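K.L.:
One structure follows; several queries about it will come next.
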Amino acid sequence: MNANITPESSCAIYGDIALSQSYRILGLGDRESQSLSYGCFDRCYWHYRQTDFVNARFQEASQFLALLHNYPHPQNRFYQQPKIYEWAAQAVQFWTKIQRRDGSFDEYWPYERSFCVTSFTLYAAAETCRLLKCPAPKDSMHKAANWLLARDNPIVMNQMAASAVALRIAGELLENEAILKGAEKRIHFILSHQHPTGYFEEYGGADIGYQTISLSCLAQYYLHTRDADVLEGARRGFRFLDDKIDEKGSYDFQNTSRRTQYFYPFGFRVFEEWDLLGRHKNGLQKNEAINPSWFDDRYCLPLAIDYLQTAVFDADITCYPTPTEVKEK
């Protein structure tokens, strides 16, 4: 454990909440090795047969399982378990099977070719392979990365931030300089379009929930690069939230552009925004702040990933080095 953790800075509550959702998330997956849909985590597809295509966002379960595998918590019965490793890796393999020929993925309808889902699932697949040190599906990652490099969605900055992180981690795994340069170009596009007050645009305005997703992605990117511009942009993003997050970790969502109500904590922990994070933890302790258990399966999963990622980082796992120094540009 990190000797610098204090009761005030500890993020164990995020790990506890994420662990409480582990059985639920495992239950989403087809874990039968002889099944044609082995590794699929869209239960509506493989079990209920309610759809004839897979919502690829459920394959982000691979990242949750990779984090679960790496989280040395006394109550984590899944720590370092071979089956968790296997199911995480298989979720990545199934992700490759549902990829469109052009490298994209679908979420809500067949042949959607969604920028959002391609960004977030490439991020999850690449991060899973990095965390577990398992073989990366290079062809699928190349195709997804190239598809993202050729497209953007600048009115939805959390998706842009996810694409930048996806490109960064995939570029590292593939040792591909063009992809790495594309990630750098994208992250600096995001920073150059940050509103003067600090928010990242979501459909023409500020949205606090999506702001926390963007900050989570910036934190992950920063851990890989120590880019001083990313640090500065994140600080501006947090200052935008100073007078908007109340003492119970909630906020007025009615007057935001997308009216989301969640709070992704990873960026706050990485950048040591203790005051804002403390407000949110206070709300969780009082069971008054929205947490993954309050959401349906689709939205529980990515929020639980961020909670568990926060706890893993807080436990000082070596795959998440503490960003104490910023490299000179």
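K.L.:
Quick one: if you stick a label point 7 Å off each Cα along the C-beta vector at TYR203 and ASN287, how many nm between them?
P.N.:
In this crude label model, TYR203 to ASN287 measures out at 3.2 nm.
K.L.:
A 19 angstrom limit on the alpha carbon distance is what I want to check against. Which of LYS97/LYS181; LYS248/LYS286; LYS138/LYS185; LYS133/LYS185 exceed it?
P.N.:
LYS97/LYS181; LYS138/LYS185; LYS133/LYS185
K.L.:
Let me ask another. At a 10 Å Cβ-Cβ cut-off, how would you order TRP46, TRP109, fewest neighbours first?
P.N.:
Arranged by neighbour count, lowest to highest, TRP46, TRP109 become TRP109, TRP46.
K.L.:
Can you pull out the GluC sites (Glu not before Pro) in region 28-114 whose DSSP state is coil and whose Cβ has at most 16 other Cβ atoms within 10 Å?
P.N.:
Counting only loop positions with at most 16 other Cβ atoms within 10 Å, the GluC sites (Glu not before Pro) in region 28-114 are GLU32.
K.L.:
Then there's this: Taking the Cα centre of the chain as origin and charging only Cβ (+1 Lys, Arg; -1 Asp, Glu), how large is the dipole, in debye to the nearest 20?
P.N.:
640
K.L.:
Length gain on complete extension for the stretch ASP52 to SER192, per 0.36 nm per residue less the alpha carbon to alpha carbon distance?
P.N.:
46.3 nm
K.L.:
Sort THR318, THR197 so that the residue with the fewest other Cβ atoms within 10 Å of its own Cβ comes first and the one with the most comes last.
P.N.:
THR318, THR197
K.L.:
Taking the Cα centre of region 1-122 as origin, sum charge times position over the Cβ atoms of Lys and Arg (+1) and Asp and Glu (-1), and report the length of that vector in debye to the nearest 20.
P.N.:
Result for region 1-122 is approximately 220 debye, rounded to the nearest 20.
K.L.:
Which one, PHE266, GLN211, GLY171, projects farthest toward the positive side of the charge dipole computed for region 12-314 from Cβ point charges (K/R +1, D/E -1)?
P.N.:
It is GLY171.
K.L.:
Taking other Cβ within 10 Å of each residue's Cβ, how do LYS281, LYS138, LYS133 sort, fewest first?
P.N.:
Lowest count first: LYS133, LYS138, LYS281.
K.L.:
Can you give me the C-alpha center-to-center distance between region 248-307 and region 25-69, rounded to a whole angstrom?
P.N.:
Distance between centres, Cα-based: 25 Å.
K.L.:
Over the chain, what is the relative contact order in whole percent, taking alpha-carbon pairs under 8 Å and six or more residues apart?
P.N.:
19
K.L.:
Convex hull over the Cα atoms of region 147-204, averaged projected area in nm²?
P.N.:
3.7
No value in this document is a laboratory result; all are computed from the given coordinates. Not measured: the values here are computed from a predicted model. Please note: Cβ atoms are built from the backbone with ideal geometry, for glycine as well, and neighbour counts cover all protein chains shown.
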